[in-house]
Structure formats: structure tokens, C-alpha cells
Amino acid sequence: MLFADREAAGRALGDRLAAELGPAEPAGAPGAGGWLVLGLPRGGVVVAAAVARRLGAGLDAYVVRKLGLPGQPELAMGAIASGGTVVRNEEVLARSAITPGVLRQVVLDEARELVRRERAYRGDRPPVRPTGRAVLVVDDGIATGSTARAALRALRAADPARLVLAVPVAPAETVAMLAAEADAVFCLAQPRPFRSVGRAYADFEPTGDTQVRTLLADAQAAGDRKASAR
């Protein structure tokens, strides 16, 4: 166990990022608005909220859904992200002999849940646009990396000024794989052997939609107060 809970992990990650990240606005892009912290729901939003508070940054959720293997839903055969990006885990697909029809049905099912979550989390408020922004993607931990890779690839297509991934815990080989997808990757702990994300936490209870909505609403209210004070 490394972290008491997701909030504690976010504070530790925020301290590391505050010490190591450079300015959010690259040369030639004044007014980009500082870091935009995007948490991967649900648990990643709790970590991201603590990071955003530490950095004084904007916060939003970026919805990604794992494509669980039928009969073994915790094993990812890929993932989908907002905007229709689909990432396939070819190794798992080949080993499991999943047919195109089965994969297509799982994608459709998860796409419906992705849309539901986006509406549940922000209501009628549109997502923050990452184009031209310094974007920091945060999750509560990574195992295979399918979900994070889907998020990074979808966000890269939106042309951010910088794209950084930050997590409290992940296996070393996954961190190395994701380094090709982001401008930088920060990971506080890379245990060997890596067994699961949950083993890094004393409290790893599931995060609910209500908590995600509350964190995003609080961040939005704080941003509105900051804007009105200028």
C-alpha cells in the first residue's frame, strides 16, 4: 500500500507535478489558459481534482470506456474515448479469438455508456476544448494502458499544445509504452511485480457518478469565481 485513498494520491501527484512541470503556455501561444486537467472517470477524477487544486488549473472529465473481454470483463481487449476513437489490444484479441461481430457489439454497448456518463457528469455544459491547451491527463492508476492510450490518442487528434499523462501507480512496461503517446509521463510508483492498481491504496472503494458531478461542479464554480474577480 502506498496511498491512503485517491485524494491523498492526488495531493502527492500534484506536489510532484508542481515541482517538475514547466509553464503551461508554450512560446507563441499566449493566453492558452494554463493547464487543463482531465480526469478519467470515475476514480481518476478524484485524483485529478486534487491535482488541479494544487496547480490552480481547470478541471474536466474525459470519458473513456474499457472494452472488457466477454466472460473476463476486467481484461481489456481495447478501449473507446470521446469522439469515437477505438484502441484495440491486438495481443488480447488474438489470444482470445474474439470475432469481429462480438467486438462490434461490445463497442456499441460501451459507446452507449460513454454517452450516458458524459451527460450525467456535465449535463448541458459542453466539454472544455483541449485545442491549443496544455493538457494533463490523470487517472488513479494504470494496468494494461488501453484506456489511457485511447484517451491520449483521441486528445492528440484535438491538437493540444502539450499532452502529459500523470498517474500515481502503473507497471513499468505500461509507462514505457505510453511514453510514445504523450509528451511526458509522470508516475509516482512502478511496483515490481505489479499486481493491481487497487493494491496501491488502503481505500480503493468505487467512485460514484454523484461524486464525479460534485467535483466537476465545484471546479466550475471555482473557475467562475476566479474569472469574475479579474
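The values are calculated or read from the model by the stated rules, or taken from the named source; none is laboratory data. Not measured: the values here are computed from a predicted model. Counting neighbours? That spans all protein chains shown, and the Cβs are built from the backbone with ideal geometry, glycine included. Surface accessibility is based on the protein's heavy atoms, side chains included, excluding ligands, DNA and RNA. Shrake-Rupley method; radii C 1.70, N 1.55, O 1.52, S 1.80 Å.
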ask   = Scanning for something assigned to a strand (DSSP E or B), open to solvent by less than 10 Å² (accessible area, probe 1.4 Å) and more than 14 Å from residue 153 (Cα to Cα), does segment 43-54 turn up at least one residue?
value = no
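Per-residue answers, yes or no, for (1) of a type in the set (A, V, I, L, M); (2) modelled with pLDDT under 95; (3) on the phi < 0 side of the Ramachandran plot:
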site: 5; (1), (2), (3): no, no, yes
site: 10; (1), (2), (3): no, no, yes
site: 23; (1), (2), (3): no, yes, yes
site: 26; (1), (2), (3): no, yes, yes
site: 32; (1), (2), (3): yes, yes, yes
Selection within segment 175-195 - out of contact with any strand residue (DSSP E or B) (no Cβ under 9 Å at 6 or more places or on another chain) and assigned to a helix (DSSP H, G or I) = 177
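Within segment 81-94, does at least one residue satisfy the condition of being within 21 Å of residue 223 (Cα to Cα) and either of a type in the set (Phe, Trp, Tyr) or at pLDDT below 90 (or both)?
Among the residues of segment 81-94, not one is within 21 Å of residue 223 (Cα to Cα) and either of a type in the set (Phe, Trp, Tyr) or at pLDDT below 90 (or both), which makes the answer no.
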request  = Filter segment 199-213 down to the residues that are in contact (Cβ under 8 Å) with a residue 12 or more places away in the chain and in a helix (DSSP H, G or I), then identify the one that is nearest to the chain's Cα centre (by Cα).
outcome  = 212
task = Considering only segment 187-202, state which residues are in contact with a helix residue (DSSP H, G or I) (Cβ under 8 Å, 6 or more places away or on another chain) and not hydrophobic (A, V, I, L, M, F, W, C).
result = 190, 191, 192, 201
note = Just one listed residue, out of 99, 144, 85, is β-branched (Val, Ile, Thr), farther than 20 Å from residue 13 by Cα, free of Cβ contacts under 8 Å to residues at least 60 places away in the same chain and open to solvent by 20 Å² or more (accessible area, probe 1.4 Å), and it is 99
request  = Using the structure shown, decide if residue 156 is open to solvent by 60 Å² or more (accessible area, probe 1.4 Å) and at pLDDT 90 or above.
outcome  = yes
ask   = Do we find a residue being modelled with pLDDT of 95 or more, touching an Asp or Glu at 6+ places or on another chain (Cβ under 7 Å) and either open to solvent by less than 10 Å² (accessible area, probe 1.4 Å) or not charged (D, E, K, R) (or both) anywhere in segment 166-175?
value = yes
message = Which condition from (1) more than 16 Å from residue 42 (Cα to Cα); (2) surrounded by 20 or more Cβ atoms within 10 Å (Cβ to Cβ) is the one that residue 222 breaks?
response = (2)
request  = Pick out the one residue from 216, 136, 163 that is assigned to a helix (DSSP H, G or I), open to solvent by less than 60 Å² (accessible area, probe 1.4 Å) and either touching a residue at least 12 places away in the same chain (Cβ under 8 Å) or touching a helix residue (DSSP H, G or I) at 6+ places or on another chain (Cβ under 8 Å) (or both).
outcome  = 216
Criterion: among the aliphatic types (A, V, I, L, M), open to solvent by less than 10 Å² (accessible area, probe 1.4 Å), at pLDDT 85 or above and not in a helix (DSSP H, G or I) - qualifying residue of 67, 59 = 67
query = Which one of these is assigned to a helix (DSSP H, G or I) and surrounded by fewer than 18 Cβ atoms within 10 Å (Cβ to Cβ): 129, 149, 125, 119?
reply = 119
